[in-house]
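J.: Please find one structure pasted underneath; my questions will follow.
The values are calculated or read from the model by the stated rules, or taken from the named source; none is laboratory data. Everything numeric in this text was worked out from a predicted model, so none of it was measured. No Cβ is skipped: glycine too gets one built from the backbone with ideal geometry, and neighbour counts run over all protein chains shown.
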Amino acid sequence: MIGIINCGGANLQSVMYALDRINLKYKVSDTWNDLKNSRALILPGVGAAGTVMRNLKNLNLIENLKNDTRPILGICVGMQIFFDFSEEENKKCMEVIPGKIKKFSNRQLTIPHMGWNKVKFSDPYFEDCNGYFYFANSYYAGISEHTLGFTHYGIKFSSFVNKKNFYGVQFHPEKSSNIGKKFLTKFFDMI
Amino acid sequence: MLTKRIIPCLDVKKGHVVKGIKFQNHKIMGDPVELAIKYSDQNADELVFYDIYSSVEDSSVPSSWIENIAKNIDIPFCVAGGIKSLSKASQILNIGADKISINTPALENPSLINKLAKAHGSQCVVIGIDSFFNGSDYFVYARTGSEKSKYHTGKKTVDWLQEAQDRGAGEIVLNCMNQDGVREGYDIEQLEIMKNLCKVPLIASGGAGCKGDFKDVFLKCDVDGALAASVFHNNEIKIMDLKRDLICEKIPVRL
């Protein structure tokens, strides 16, 4: 059983359908008690980092999540809030992965970074997932020792990160067609 | 590198995909879910569903076909037509759409753009603009779903494009009305002008008739995506063939 945290993100339904397609059982909840028995968690996120942080805080989930040891996959903004800080609304985040979420600042680029872009996985386990994934982001995490996959958009940024049990993807595997399905399958096989 | 998007647009009326010429004389082309699966399998990058019934006739409940599409495809899709309020937009996003596209309601109530962007983020707020060249300048039209309701807003396209972005639009679909449905190519001249003013992704719409039209619009206007309907619906252009041609022209696309 996978626990999907309902923190108000509009991609919640899409994440559920994606897990249906790979035959994974899940439970969706915004209450810690309901999520206690799942083997892993997903934090879907669409919208603004500040909104997702506020929702998690109002649900009293932040401390529980920070102290949990099960694998957790943050998607898009769900990944960004694992970091220390986001330039979006200058918001302090969960501080489980060091670093700051910044806004794409190259004036030549259209922002949001929207559409299909190439992800190169540095982790050999995911090498066969190298390819085009769907993105929709204006903010990004830079490259660090926690980068497991990267993408270019004006600069090179982290599209897959990990520290301890915290995993995050900037792309939307739930909307990335067959390659997204493959990524999710491999991810939940691995953990 | 971020790839250029090929976006089939499906006009939906009472649960059927339809197509008309210059927005008129709608003809039934097929079932939305079946066509969605077909295009997703052919490597379309994204789909737009334009609910032309809601936009003209008014409707407050999101249709079950939207949910069926979300269940059956795993590429992003956008729903347009009849979205006049934050609550309607939220309902559509919550049942699995990735973006909502607003046209007339944004013109009649521009602060709706700010509200939507604040609530859901700019990335899901698409502004559709129906732009008409009257011989001297480009102007925005509203309620273009039927000839009877269609009206000239008095706004210049360049001004509205700017305002929509300032209010939080995350993408612009520019439908060049002079070209729509006549299949003589995208409006290169207009799209070049608008692309220079557009800081968010710009999607070209209206006029695609052959594969070369897609090549032209990407090479000449550098738009982020190209939307088309009938050439895909009646199988004149296969998306995979189109993408292979674009790759030969060194236009980055996802295969």
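J.: Can you tell me how many residues within region A:138-159 are more than 7 Å from every other protein chain (Cβ to nearest Cβ) and assigned to a strand (DSSP E or B)?
T.: 13
J.: Enumerate the pairs (first residue in region A:25-49 and farther than 22 Å from A:L184 by Cα and more than 14 Å from chain B (Cβ to nearest Cβ); second residue anywhere and surrounded by fewer than 23 Cβ atoms within 10 Å (Cβ to Cβ) and basic (K, R)) with beta-carbon separation below 8 Å, excluding pairs fewer than 6 apart on the same chain, so at least 6 apart or on different chains.
T.: What qualifies is A:D34/A:K27.
J.: Ok, one more. Looking only at region B:180-234, count how many residues are crowded, with 23+ Cβ neighbours inside 10 Å, free of Cβ contacts under 8 Å to residues at least 40 places away in the same chain, touching a helix residue (DSSP H, G or I) at 6+ places or on another chain (Cβ under 8 Å) and small (G, A, S).
T.: Final tally of qualifying residues: 3.
J.: So which strands (runs of 3 or more DSSP E) are wholly in region B:66-176 and hold at least 3 residues that are within 14 Å of another protein chain (Cβ to nearest Cβ) and surrounded by 17 or more Cβ atoms within 10 Å (Cβ to Cβ)?
T.: Values: elements: B:77-80, B:99-102, B:125-133, B:138-142, B:151-156, B:171-176.
In region B:66-176, B:77-80, B:99-102, B:125-133, B:171-176 are the strands (runs of 3 or more DSSP E) which contain 3 or more residues that are within 14 Å of another protein chain (Cβ to nearest Cβ) and surrounded by 17 or more Cβ atoms within 10 Å (Cβ to Cβ).
J.: Can you work out which of the residues in region A:160-181 that are part of a loop (DSSP other than H, G, I, E, B) and farther than 21 Å from A:P112 by Cα is nearest to the other protein chains (Cβ to nearest Cβ)?
T.: First, pick out the residues of region A:160-181 that are part of a loop (DSSP other than H, G, I, E, B): A:164-165, A:170-172, A:176.
Now restrict to residues that are farther than 21 Å from A:P112 by Cα: A:164-165.
Numbers: A:K164: 28, A:N165: 26 Å.
Restricting to residues being part of a loop (DSSP other than H, G, I, E, B) and farther than 21 Å from A:P112 by Cα, the top hit is A:N165.
J.: If you don't mind, another one. I'd like the full set of residues that are within 14 Å of chain B (Cβ to nearest Cβ) and within 21 Å of A:G115 (Cα to Cα), limited to region A:73-100.
T.: A:I75, A:C76, A:V77, A:G78, A:Q80, A:E88 - these are the residues of region A:73-100 that are within 14 Å of chain B (Cβ to nearest Cβ) and within 21 Å of A:G115 (Cα to Cα).
J.: Another one. Residues of region A:92-111 being among the basic types (K, R) and either assigned to a strand (DSSP E or B) or modelled with pLDDT of 95 or more (or both), which ones?
T.: Filtering region A:92-111 down to residues among the basic types (K, R) leaves A:92, A:100, A:102-103, A:107.
Selection gives A:K92, A:K100, A:K102, A:K103.
J.: Step by step: first the residues of region B:234-254, then only those that are of a type outside the set (V, I, T) and touching a Leu at 6+ places or on another chain (Cβ under 7 Å), then the one that is nearest to the other protein chains (Cβ to nearest Cβ). Which residue is that? Steps first, answer last, please.
T.: Of region B:234-254, the ones of a type outside the set (V, I, T) are B:234-236, B:238, B:240-246, B:248-250, B:252, B:254.
Then keep just the ones that are touching a Leu at 6+ places or on another chain (Cβ under 7 Å); that gives B:243, B:249.
On the way: B:K243: 11, B:E249: 18 Å.
Applying the filter and picking the extreme gives B:K243.
J.: Name the single residue, out of those in region B:37-71 being closer than 19 Å to B:I102 by Cα and of a type in the set (G, A, S), that is modelled with the highest pLDDT.
T.: The extreme case among them is B:S63.
J.: Further question: Answer with yes or no whether B:D166 is touching a strand residue (DSSP E or B) at 6+ places or on another chain (Cβ under 7 Å), within 23 Å of B:D224 (Cβ to Cβ) and at pLDDT 95 or above. Walk me through it before giving the result.
T.: Details: touching a strand residue (DSSP E or B) at 6+ places or on another chain (Cβ under 7 Å): no; within 23 Å of B:D224 (Cβ to Cβ): yes; at pLDDT 95 or above: yes.
No: the conditions fail for B:D166.
J.: Let me ask something additional. Given the conditions (1) within 14 Å of another protein chain (Cβ to nearest Cβ); (2) part of a loop (DSSP other than H, G, I, E, B); (3) among the hydrophobic types (A, V, I, L, M, F, W, C); (4) within 17 Å of the chain's Cα centre (by Cα), and given that A:M114 satisfies all but one, which numbered condition is not satisfied?
T.: (2)
J.: Any residue at all in region B:41-59 that is within 14 Å of chain A (Cβ to nearest Cβ), free of Cβ contacts under 8 Å to residues at least 40 places away in the same chain and buried (at least 19 other Cβ atoms within 10 Å of the Cβ)? Step through it out loud before you land on a result.
T.: Within region B:41-59, the subset within 14 Å of chain A (Cβ to nearest Cβ) is B:41-48.
Next cut, free of Cβ contacts under 8 Å to residues at least 40 places away in the same chain only: B:41.
Restricting the remaining residues to those that are buried (at least 19 other Cβ atoms within 10 Å of the Cβ) gives none.
Within region B:41-59, not a single residue is within 14 Å of chain A (Cβ to nearest Cβ), free of Cβ contacts under 8 Å to residues at least 40 places away in the same chain and buried (at least 19 other Cβ atoms within 10 Å of the Cβ).
J.: So B:R183 clears everything in (1) within 14 Å of another protein chain (Cβ to nearest Cβ); (2) in a loop (DSSP other than H, G, I, E, B) except one condition, right? Which one?
T.: (1)
J.: Let me ask something else. Counting only residues that are over 23 Å from B:C78 (Cα atoms) and polar (S, T, N, Q), how many does region A:113-155 have?
T.: 5
J.: Residue pairs, Cβ under 8 Å, 6 or more apart or interchain, first in region A:144-172 and closer than 17 Å to A:A18 by Cβ, second surrounded by fewer than 17 Cβ atoms within 10 Å (Cβ to Cβ) and charged (D, E, K, R). List them.
T.: Partner pairs satisfying both residue conditions: A:F160/A:D123.
J.: Next question, about the same structure. Name the residue that is nearest to the chain's Cα centre (by Cα), counting only residues in region A:117-136 that are more than 7 Å from chain B (Cβ to nearest Cβ) and buried (at least 18 other Cβ atoms within 10 Å of the Cβ). Before you say what the answer is, go through the steps one by one.
T.: From region A:117-136, those more than 7 Å from chain B (Cβ to nearest Cβ) are A:119-131, A:133, A:135; that's our starting set.
Of the ones still in play, those that are also buried (at least 18 other Cβ atoms within 10 Å of the Cβ) are A:119, A:121, A:126, A:129, A:131, A:133, A:135.
On the way: A:V119: 14, A:F121: 15, A:F126: 16, A:C129: 16, A:G131: 18, A:F133: 13, A:F135: 11 Å.
Selected residue: A:F135.
J.: With the checklist (1) buried (at least 21 other Cβ atoms within 10 Å of the Cβ); (2) under 18 Å from A:F171 (Cα atoms) in hand, flag the one item A:L65 doesn't pass.
T.: (2)
J.: Would you call B:I6 at pLDDT 90 or above, within 14 Å of chain A (Cβ to nearest Cβ) and within 15 Å of the chain's Cα centre (by Cα)? Break it down into steps so the answer makes sense when it comes.
T.: Numbers: at pLDDT 90 or above: yes; within 14 Å of chain A (Cβ to nearest Cβ): yes; within 15 Å of the chain's Cα centre (by Cα): yes.
Answer is yes for this residue.
J.: Here is a check on your reading of the model: is A:A18 among the small types (G, A, S), farther than 20 Å from A:A136 by Cβ and either facing chain B (nearest Cβ under 10 Å) or in contact (Cβ under 8 Å) with a residue 40 or more places away in the chain (or both)? So that I can check it myself, show each step before the final result.
T.: Values: among the small types (G, A, S): yes; farther than 20 Å from A:A136 by Cβ: no; either facing chain B (nearest Cβ under 10 Å) or in contact (Cβ under 8 Å) with a residue 40 or more places away in the chain (or both): yes.
No.
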